[in-house]
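For reference, the structure discussed in these notes is given below.
The values are calculated or read from the model by the stated rules, or taken from the named source; none is laboratory data. Here the structure is a predicted model, which means the values were calculated and not measured. Positions of Cβ are backbone-derived with ideal geometry, glycine not excepted, and every protein chain shown enters the neighbour counts. Surface accessibility is based on the protein's heavy atoms, side chains included, excluding ligands, DNA and RNA. Shrake-Rupley method; radii C 1.70, N 1.55, O 1.52, S 1.80 Å.
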Amino acid sequence: MDELALLHGYQTVGAMLVGIGIVGFLARRNMIVMFLSLEMMLQGISVTLVSWSRFHNDWGGQVLTVFIITVAACEAAIALALVLMLFRRAGGLDVLFWQQLRESNVEPFIEHELPEPPAEPADRWPHLPPAGIEPQTEEEWHRSHV
Amino acid sequence: MFKIETLMVLIPGLPLLSAIITAALGKWLLRSRSHWPAVLAVGGACLLSVLLLFQVRREAAALHEAGDAQAAAHAVGYEKTYTVWTWAVVSRALPARATFGQQASETSHSADPPGTTVPEDSSTSADARSLEIGITLRADPLTAVMLVTVTLISLLVVIYSIGYMHDDVGYWRFFTYVSLFVFSMTMLVSASNFALLYVFWEAVGLCSYLLIGFWFTRPAAAAAGMKAFLVNRVGDFGFALGLFLLWTTYGTLNFHDTAAAPGILGQTLLADPSQYAGGWVATAICLLLLLGACGKSAQFPLHVWLPDAMEGPTPVSALIHAATMVTAGVYMVTRCTPLYLVSADAQQVVLLVGMITALLAAAIALTQTDLKRVLAYSTISQLGYMFIGLGVGTLPGIVAGMFHLFTHAFFKALLFLGAGSVMHAMGGVIDMRRFGGLRRRMPVTHWTFLIGALALAAVAPFAGFWSKDAIVAAISQRVQDDHHGASVALYQWVFWGSLFTAGLTAFYTFRAFFLTFYGEEQIPEEAGHHAHESPPVMTWPLIVLAAASVFVGWCFQRGQRFDHFLMQTPSLAFSSAQATLPAGEHGGHGNVAVVSTLVALIGIGLAAYLYLGDRWEVAWIARRLRWLYTISYRRFFIDPIYMALFVWPLRGLAAFSYWLDRQCIDRLVDWVGRVPLAIGASVRALQSGLLPFYAMAMVFGLLVLIGILVR
């Protein structure tokens, strides 16, 4: 197979992964989804690196990819633990719960048009919606806190 | 017998050791025994100084007899130097100069001020410019005389202080300072180097400051210490400039010859006096050094600190502000005699300063009511006398000035210690209007004070007579020699002025004496049960000093021993060798002696008439000559004038600077500080705390970056 065509293919896949990751990161406010988008970007970069490595017949890119995977694993562990803690504190996964690190004279960002939160937050556990199905009930409850 | 070098090191070394011991152990261990190190050390130093004096005398005599043919050609006077260690070396023998040695040294010659005629070959010229300051001590007759005077008076004062300072909180501190002072003063007179002289010149000033402000909780004492220090700064500034000028002129600061360069007062230059720089350089050097001497010796423009210095403990007034430290200026000018002989103008300035000071201080002393202040002004006046002697410009005059220093140390210390004894008995009161008729209560103090007063008034057999007479005789000789000279009027004026001052001296001394010890017995209530004779530890020094005041003048003047001995000092031996100087007939001044004794007796008689018993004339004179009395009592308004001329303008300047600093510079700095704040405030709104916003910003940043890279 043509090496260059192969490279093109891989590069395209890598670029798409990064692009989807960026869009996901910017568009979503669920911390776990944002985190997954981040991981997706990492994978896109890894694919790109590996393909360039293959193309140049150089091990450097693959070695770097192994490092990325390792670091991503560590990061995943820490990030999920943090997300869990943040969820327990705020009672939700929305990233906009956490805007205290702003300047004291900047107004907080509040979406007023959303309904009031229920009186008592149930102790629920965060969970991902099943793949391919649009989240319904949970989503509303989360957004009510913003 | 000790080697002479050992003596030279031990004399300052012992007081230094004592100062260290009392400073380290005084507060915790020695306490009321703190005087022992000081007494032992100063006593040892005194003994060694006397030994040194005899050794110097023997060796100088041996040098004199060694054969005039050889000695006169090579050695001018007797001196011995000993370098303890080399303190600082700044080598100016740069590589460039070494490479272009000939050329560089030529330019250095041409860069010298005009009038410099120090002939050196080009190879030594570069080396001579490398500054090398050694801790070099010297022994010569002048130093030996000063050492004996200083250590002897110090010993007596230290013993006296045991009684005077007992029960004081700062007992150990006092003896630390005094030991430190004795160390500094002995180093000052032993230094064979202008830089070292300057260092210890400042060190004695420091000791003086510490001891004036010894009772620092009293505001007056603290202020007096500050004043003494500040006024001395003016003089020391001139002294420092003088040293710089000496350095640029002669390329060395040593008194003695070294391998590198001939010293300023060394044998090489003395053997050929034409090598001394003349013209304006010489005059400038002399006047700047004189400014330094004026500060330290409380001469006319800078005399204001000495009367205030009487706030210190009385033994300090006796030791530092009457007998030893204030004579440092006289010592320095005497040491620099060869420099002064080159410049006749500078000599006349010395004479004038001395005359004005002597007369002014005597006039002020007439009406003061504070016993110690009377003595302080008499000290200033007598120092003026010494400067007159130095300014006459003949060798007898200079030697007479030094002789007066020597005798004055004894009787002035005696008078101060006597005043201290009175003060001790009167519970700290020193105002003569508040006590009187103390002669029965304090017989020893009375008699010793009388002897001191007679010596100060220069009555015939006492010490002061011989030295003051020698000074007046030197002036009269100068008047005769300069009969057709241009400045004979000056010398004549000084002659009559000094006689008049002698009369004033006798008057105010005995006025103080009669007011204190005669008349109706009157004791202030502060005295309490103290109003009796002082303990023996205080009276014995008085008795010793009184005996010295009786005999010291006569003993040393007999056969002109003092003169012959002192003239073997290199600086002075050179002067006697110089042909231009009239040697002066020393013995034939009988007329002058009679006149000055007569003047002194008139002064005493007048004082006795006015102040023995209650005379209406005193009040009458004070009333009739109201303005003269006020001027004298207010000390010629010199303090207010200085306040108006210097203190207030400087205070105004300080206030203005404060305002400028606060209002202009601080505000400017504040504005500079506000700039980052303003920039920060303008972009503060971006810090929203929203993570998606930051992510968006990052992506946009990335896009911009990529855009730049791609383009």
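Among the residues of B:690-697, the average count of other protein chain beta-carbon atoms within 10 Å of the residue beta-carbon is 5.
When the Cα positions of B:THR407, B:ALA685, B:ALA19 are compared along the charge dipole of chain B, B:ALA685 comes out farthest toward the positive end, with charges on each C-beta of Lys, Arg, Asp and Glu. Inter-chain Cβ neighbour count for A:101-111, averaged per residue, equals 4 (cutoff 10 Å, partner chain atoms only).
Between 0 and 90 degrees, the angle of helix B:279-296 with respect to the longest Cα principal axis of chain B falls at about 80 degrees. Here the stretch B:207-308 is treated with +1 on each Lys and Arg Cβ and -1 on each Asp and Glu Cβ, and its dipole about the Cα centre works out to around 400 debye.
Placing dummy labels 7 Å off each Cα toward the beta-carbon, the span from B:LEU598 to B:ILE631 is 2.8 nm. Taking amide H atoms as placed 1.01 Å from N in the peptide plane, the amide H of B:ASP370 lies under 5 Å from those of B:MET432, each 5 or more residues away in sequence or on another chain.
Going by average Cβ density within 10 Å per residue, which order do the peptides B:669-678, B:158-167, B:510-519, B:183-192 take, highest to lowest?
Numbers: B:669-678: 9.2, B:158-167: 21.5, B:510-519: 23.3, B:183-192: 26.4.
Output ranking for B:669-678, B:158-167, B:510-519, B:183-192: B:183-192, B:510-519, B:158-167, B:669-678.
Coupling constants for the stretch B:660-667 follow from the phi torsions by the Karplus curve (6.51 cos²θ - 1.76 cosθ + 1.60, θ = phi - 60°), and in residue order they are 4, 5, 5, 7, 9, 5, 4, 5 Hz; glycine and proline get x.
Only four residue types carry charge here, +1 at the Cβ of Lys and Arg and -1 at the Cβ of Asp and Glu. Report the dipole size of chain B about the Cα centre in Debye, rounded to the nearest 20.
1860 debye
Length, then width, then depth: along the principal axes, the Cα atoms of chain B run 114, 72, 55 Å. Amide H contacts of B:LEU131 (H built 1.01 Å from N, in plane; Pro and chain starts excluded): B:VAL90, B:ARG92 sit under 5 Å, all sequence-distant by 5 or more or on other chains. Backbone phi angles across the stretch B:311-325, fed through the Karplus curve with coefficients 6.51, -1.76 and 1.60 (θ = phi - 60°), yield HN-Hα couplings of 5, x, x, 4, x, 5, 4, 5, 6, 8, 9, 9, 9, 10, 4 Hz in residue order; Gly and Pro are listed as x.
Just need the relative contact order of chain B here, percent rounded to a whole number, with Cα pairs under 8 Å and 6+ apart.
After rounding, I find 13 percent.
For the residue pairs B:LYS27/B:LYS227; B:LYS296/B:LYS412; B:LYS27/B:LYS412; B:LYS227/B:LYS412; B:LYS80/B:LYS468; B:LYS80/B:LYS412, alpha carbon separations beyond 27 Å are given by B:LYS27/B:LYS227; B:LYS27/B:LYS412; B:LYS80/B:LYS468; B:LYS80/B:LYS412.
When peptides B:321-332, B:595-606 are ranked by their average number of other Cβ atoms within 10 Å per residue, the highest-first order is B:321-332, B:595-606. Along the axis of the charge dipole computed for the stretch A:3-101 (Cβ charges of +1 for Lys and Arg, -1 for Asp and Glu, origin at the Cα centre), the listed residues A:THR65, A:SER51, A:LEU96 are led at the positive end by A:LEU96. With N the number of residues in the stretch A:3-101, Rg(Cα) / (2.2 N^0.38 Å) evaluates to 1.30.
Modelled label positions at B:ARG31 and B:ALA622, each set 7 Å beyond Cα in the direction of Cβ, lie 4.8 nm from each other.
Given Cα pairs under 8 Å that are at least 6 residues apart, what percent is the relative contact order of the stretch A:3-101? Mind dumping the intermediate values first?
On the way: 93 pairs, mean separation 28.2, N = 99.
So the answer I get is 28 percent.
Packing here is the average count of other Cβ atoms within 10 Å per residue, and on that basis the peptides B:703-710, B:38-45, highest first, run B:38-45, B:703-710.
Across the accessible surface of the stretch A:3-101, with the other protein chains kept in place and a 1.4 Å probe, carbon and sulfur atoms take up 76 percent.
Could you work out the mean count of beta carbons from other protein chains within 10 Å of each residue's beta carbon in B:680-687?
Details: counts 1, 2, 0, 1, 5, 5, 3, 6.
So the per-residue partner count for this stretch is 3.
Distances between placed amide hydrogens fall under 5 Å for B:MET567 paired with no residue 5 or more residues away or on another chain. From helices alone, chain B scores -22500 deg cm²/dmol at 222 nm; the rule is -39500 (n - 2.57) for each run of n ≥ 4 DSSP H residues, then divide by the residue total.
Suppose every Lys and Arg Cβ carries +1 and every Asp and Glu Cβ carries -1, with no other charges. What dipole size does the protein assembly as shown come out with about its Cα centre, to the nearest 20 debye?
On the way: 50 positive and 56 negative charges, 614 e Å.
Charge dipole of the protein assembly as shown: 2940 debye, to the nearest 20.
A Förster radius of 60 Å combined with the Cβ-Cβ distance from B:ARG674 to B:GLN275 puts the calculated FRET efficiency at roughly 0.35. Here the Karplus relation 6.51 cos²θ - 1.76 cosθ + 1.60, evaluated at θ = phi - 60°, turns the backbone of the stretch B:18-31 into coupling constants of 4, 4, 5, 5, 5, 5, 7, 10, x, 6, 9, 9, 7, 6 Hz, with x for every Gly and Pro.
With r defined as the distance between the Cβ atoms of B:PHE700 and A:ARG89 and R0 fixed at 51 Å, what FRET efficiency is calculated, to the nearest 0.05? Write out the running numbers ahead of the final one.
Numbers: r = 31 Å, r/R0 = 0.60.
So, using R0 = 51 Å, E works out to roughly 0.95.
Across the options B:ALA38, B:ALA362, A:VAL83, the greatest Cα extent toward the positive end of the charge dipole of the protein assembly as shown (unit charges at beta carbon of Lys, Arg, Asp, Glu) belongs to B:ALA362.
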